[in-house]
1. Given the structure, is residue B:307 surrounded by fewer than 17 Cβ atoms within 10 Å (Cβ to Cβ), of a type in the set (Val, Ile, Thr) and within 14 Å of another protein chain (Cβ to nearest Cβ)?
2. Within the range A:204-220, work out how many residues are among the hydrophobic types (A, V, I, L, M, F, W, C) and at the interface with chain B (Cβ under 7 Å from one of its Cβ atoms).
3. Does any residue of the range A:245-253 turn out to be under 20 Å from the mean Cα position of the chain (by Cα), surrounded by fewer than 16 Cβ atoms within 10 Å (Cβ to Cβ) and touching a residue at least 40 places away in the same chain (Cβ under 8 Å)?
4. Give the residues of the range B:63-88 that are away from chain A (no Cβ under 14 Å) and open to solvent by 70 Å² or more (accessible area, probe 1.4 Å), sorted by residue number.
5. Consider residue A:201 against the criteria (1) open to solvent by less than 20 Å² (accessible area, probe 1.4 Å); (2) farther than 17 Å from residue A:84 by Cα; (3) within 14 Å of chain B (Cβ to nearest Cβ): it satisfies all of them except one. Which criterion is unmet?
6. Being of a type in the set (D, E, K, R), surrounded by fewer than 17 Cβ atoms within 10 Å (Cβ to Cβ) and in a loop (DSSP other than H, G, I, E, B): is that true of residue A:51 here?
7. Six or more apart or on different chains, Cβ under 7 Å: which pairs go from a residue in the range A:181-199 that's assigned by TED's automatic domain parsing to the domain that holds residue A:166 and touching a residue at least 40 places away in the same chain (Cβ under 8 Å) to one that's of a type in the set (S, T, N, Q) and open to solvent by less than 30 Å² (accessible area, probe 1.4 Å)? Could you list them?
8. When the residues of the range A:202-242 are narrowed to those that are more than 12 Å from residue A:109 (Cα to Cα) and among the small types (Gly, Ala, Ser), which ends up modelled with the lowest pLDDT?
Amino acid sequence: MNSLMKFAAFAAGVTLCAANPALAQEKVRLTGSGASFPAPIYLTWFKDLSKKNATMTVDYQSKGSGAGVQDFLNKTVDFAASDSAMKKEDIAKVAEGVQLLPMTAGEIVLAYNLPGNPKGLKLPRDVYSNIFLGKITKWNDPKIVAANPEIKLPDLPITVVRRADSSGTTAVFTMHLSAINPEFKKTLGEGNTVNWPATDKFVASPKNDGVTATVRQTPGAIGYIEYGFAKLAKVDFAQLQNKAGQYAAPGNGAATLAAVKLPEDMVAWLPDPDGAKSYPITSYTWMIFRKTNNDPAKVKAMHEMIEYGLTEGQKIADSMGYIPLPAVVVEQVRKAAANIK
Amino acid sequence: MNKPFTVALAPDSVCQPPSRTDIYVDRSFRFLARVGAIAILTLVVALVLEIGGKAVPGIQKYGFDFISGVVWDANTHRFGILPAIWGTLYSALMALLIGGFFGVSMAIFLTQDFLPPRLSAVFRIIIELLAAIPSVVYGLWGIFVVIPAILPLADWLNATLGAIPFFASTLSGPGLLPAALVLAIMILPTIAAVAQDALRAVPLKTKQAAYGMGATHWEAILRVMVPSAATGIFGALVLGLGRALGETMALAMLVGNSNQISLSLFSPANTLAALLALNFPEAGPNEVEVLMYAALVLMAITLVVNIAGSLLMSYAQRGNK
C-alpha cells in the first residue's frame with residue numbers, strides 16, 4: 001500500500017515535470033555569436049541571467065569577431081559580439097540600422113618566461129614595439145637592461161609568440177603598436193592578422209591558451225595574451241611604459257576608460273591612452289544589435305540582457321580580468337540602448 | 001506465370017526457389033548499394049565543385065603566384081602558400097619516416113612469434129588505442145611533454161652539428177621536429193594495423209617452407225615474410241602519409257605556423273591544413289576565396305600522393321608475381 005502511494009506521488013511528480021516544459025515554451029530565446037575574448041564573462045552573465053529571469057535564455061557561441069559579424073549580416077543571430085566593432089561598409093548593409101554597445105573592456109598583457117621567473121619586468125615603449133618588429137632579439141639587450149637594473153637578464157634569444165589564428169586580440173595589439181611605432185605601422189600595420197617577420201624566433205600558436213602554453217614551455221619567450229587569461233594561467237607579465245612615460249601594470253583600467261569620451265556611435269578606440277596610470281593596451285568590446293526588430297518579446301529580452309550586463313554584470317568583471325565600465329559610460333550605454341526597438 | 005526455377009527442380013528436392021520476399025530483398029539491397037555508391041561519388045564531386053567554385057575568384061586573381069608566393073598578408077592582399085606546401089610535405093615525410101619505421105617494426109614484432117599470442121593481443125589493443133586519442137590532446141602533449149624533452153637535445157645538436165642544414169637553427173618551442181614526432185605517433189596505429197593484416201595474410205605454408213629450407217627466424221622474416229607482404233605494407237605507408245598530410249589541430253599547435261622555408265628541423269614551419277583551420281573562422285569574403293584555393297591545392301596534393309601510391313603498389317605487385 002505504502003509503495004503504491006509512493007508510486008502515485010512519483011507519477012504525479014513526473015506529470016508535473018512533463019507539464020513544465022509546456023510553460024518553458026513561452027521562454028524567449030536570444031541567440032548571439034562572435035568574439036571569443038569576452039566569451040567567458042558573457043557566458044557567466046547569460047547563465048546567471050536565465051537563472052534569475054525564468055522567461056528568457058540567451059545562447060552565445062564564441063566563434064570569433066569576424067564570424068559573429070558575418071552571422072549578424074546573414075540574420076542567423078539576434079545579436080553579435082565583436083572586439084573590433086563593425087566596419088562602416090558592413091553597417092551600411094543592415095537596413096534595420098545598427099546599434100553598437102560597449103559592454104565590457106579588457107587589457108592585453110605581454111607574458112614572458114625568463115629563467116628564475118623574475119617578476120615585474122619593465123618594458124619601455126620603443127623596446128616592446130621593436131621586439132615585435134624582430135629588431136630587439138636578445139634579453140640582455142642594453143635597452144632592456146637599462147630599464148631593469150634590479151633584474152639579472154640572461155644572454156638568451158627572445159622568442160616571440162604570436163596568435164596563429166585571425167583574432168581581435170591581434171587587431172587591438174597591432175593597433176597599439178602602430179600608434180606608438182611608425183615603423184611598425186609602415187611594415188606590419190594593423191589587423192586581425194598581420195604579416196609578422198618570418199624568422200626562427202617568431203612562432204605562432206592558436207588561441208589565447210595556445211600562446212599561453214607556448215610561452216610557459218619556452219624559456220626566453222614573450223607573447224601577447226588577454227589579461228584575464230594571464231591572471232587565470234598565472235604567468236608573469238610585463239609592466240609597460242605608457243604615453244606619459246610611466247610604467248603601468250594592468251588591472252585598474254576603469255580610470256583609463258573614464259578619460260576617453262564615447263562618441264555618438266559608441267565606438268571609441270584607445271590605441272594609446274593618456275593618463276599617468278593608464279595601462280597602454282586597453283580596448284572596449286562591443287555587442288551589436290539591430291535598431292529595428294519585429295519581435296517585441298525579443299526586444300524586451302534584449303533590454304533585460306543589456307540592463308543585467310550594465311548592472312549585475314559589471315560587478316563580476318574585475319574578478320574575471322575584465323574592466324568594469326565607469327559610471328559615465330554605463331549611463332551612455334543605457335541611453336544608446338533605448339535605440340533598440 | 002513463368003517459373004524457370006520450378007521447372008528445373010526435381011519434385012522431391014529440398015531446394016526451394018527464391019520466394020517473392022527473397023527477390024524483393026535482393027533487389028532492394030542491390031538498389032541501396034547502388035544508391036550508396038552513387039552518393040559517395042556525388043559527394044566527392046560536389047565537394048570538389050563547391051570548393052573549386054569558391055576558389056575560382058582567388059585563382060583568377062592570384063593564379064600561379066599563389067603557389068609560388070612566400071608571403072601571407074591579408075592586409076596588403078598578398079597571398080602565397082609555398083612555405084605551407086613545403087611544411088606540409090616536409091612534416092608528413094618526416095613523420096612517415098619515423099612512424100613508418102616503428103609501425104612496420106611493431107607489426108613484425110607482433111605477428112612473427114616473438115610474443116605469446118595473448119600478450120601480443122594486449123599490445124595490439126594498446127596500439128589501436130593510440131588512434132582513439134583526440135588530435136588536440138596530442139597537441140597539448142606535444143607542447144607540455146615532447147618540446148621540453150627534446151629541447152636540450154636540439155640545443156646540443158645545434159651547438160655541435162650546426163653546420164649541417166638540418167640542425168642549422170635553435171629550437172624555440174614549436175617547430176618542425178616536435179610536430180613531425182607527434183605526427184609520427186599519430187599515424188603509427190594506422191600503419192601498424194594495416195601492416196599487421198598484410199603480414200598475417202601471408203599463407204602459413206610460405207613461412208613453413210622457408211623454415212623447411214633451413215632459414216633462420218630473421219632470414220624467414222626479412223627475406224620471405226616481409227617481401228611477400230610488401231604490397232600491403234606499402235599500402236599501410238601510403239595510408240599513413242595520407243593521414244599525415246591532412247592532420248590539422250595537433251600540427252597547428254606544434255609546428256609554429258611561421259611562413260618560412262627552411263631545411264632545419266628546429267625551425268618553425270607552416271602547413272596547409274593548419275593555415276586553413278586557423279584562418280577560416282575570421283576570414284572575410286576576399287580571404288575565403290584564397291583559403292578555398294589553398295584547400296584545393298591540399299586536395300590535389302593528397303590526390304597525387306594517393307594515386308602515386310596506388311600506381312607504385314600495383315607496379316610492385318606485378319614485380320612480385
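1. Values: surrounded by fewer than 17 Cβ atoms within 10 Å (Cβ to Cβ): yes; of a type in the set (Val, Ile, Thr): yes; within 14 Å of another protein chain (Cβ to nearest Cβ): no.
No.
2. Pass one, the range A:204-220, residues among the hydrophobic types (A, V, I, L, M, F, W, C): A:204, A:211, A:213, A:215.
In the following step, the residues that additionally are at the interface with chain B (Cβ under 7 Å from one of its Cβ atoms) were identified as A:204, A:213.
So the answer is 2.
3. Start the filter on the range A:245-253 by keeping residues that are under 20 Å from the mean Cα position of the chain (by Cα), which leaves A:248-253.
Narrowing the set further to residues that are surrounded by fewer than 16 Cβ atoms within 10 Å (Cβ to Cβ) leaves A:251-252.
Next, only the ones that are touching a residue at least 40 places away in the same chain (Cβ under 8 Å) stay: A:251.
Yes; the residues of the range A:245-253 include at least one that is under 20 Å from the mean Cα position of the chain (by Cα), surrounded by fewer than 16 Cβ atoms within 10 Å (Cβ to Cβ) and touching a residue at least 40 places away in the same chain (Cβ under 8 Å).
4. Those that are away from chain A (no Cβ under 14 Å) and open to solvent by 70 Å² or more (accessible area, probe 1.4 Å): B:64, B:65.
5. Going through (1) open to solvent by less than 20 Å² (accessible area, probe 1.4 Å); (2) farther than 17 Å from residue A:84 by Cα; (3) within 14 Å of chain B (Cβ to nearest Cβ) one by one, residue A:201 breaks only (1).
6. no
7. A:181/A:129; A:184/A:129; A:184/A:178; A:188/A:174; A:192/A:166; A:192/A:167; A:192/A:170
8. Applying the filter and picking the extreme gives A:233.
The values are calculated or read from the model by the stated rules, or taken from the named source; none is laboratory data. Values in this document were obtained by computation on a predicted structure and should not be read as measured data. Note: ideal-geometry Cβ built from the backbone for every residue, glycine included; neighbour counts use all protein chains shown. Accessible surface is based on the protein model in full, side chains and every heavy atom, while ligands, DNA and RNA are left aside. Shrake-Rupley method; radii C 1.70, N 1.55, O 1.52, S 1.80 Å.
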